[in-house]
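Input: a single structure, listed below in structure tokens.
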């Protein structure tokens, strides 16, 4: 399994519902990169700070805290946002097997 993903809906005092996901990476990902959650958080923060439209990262945790595996809490994007995102088009049209 590449990741266990938990969806969260949080009702804010303003009445707004925030939808987020919390992926916990699987053993294969962790073997390749034990700091995958921290690296993903940093990358998303950099891209967001540069003005790119990416899911906002809110929090990450290495293993050993509340969760047993490293995880990252990010905005939940609808499938239409991902499938029609310019970077997805770039990746789809430039992907090559190495």
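Each value in this text was obtained by applying a stated rule to the coordinates, not by laboratory testing. Predicted model only: the values in this text are computed from it and were never measured.
Structural remarks
- Fully extended contour minus Cα-Cα distance, from residue 2 to residue 63, at 0.36 nm per residue: 20.4 nm
- Taking 0.36 nm per residue of separation and subtracting the Cα-Cα distance, full extension of the segment from residue 75 to residue 14 would add 20.2 nm.
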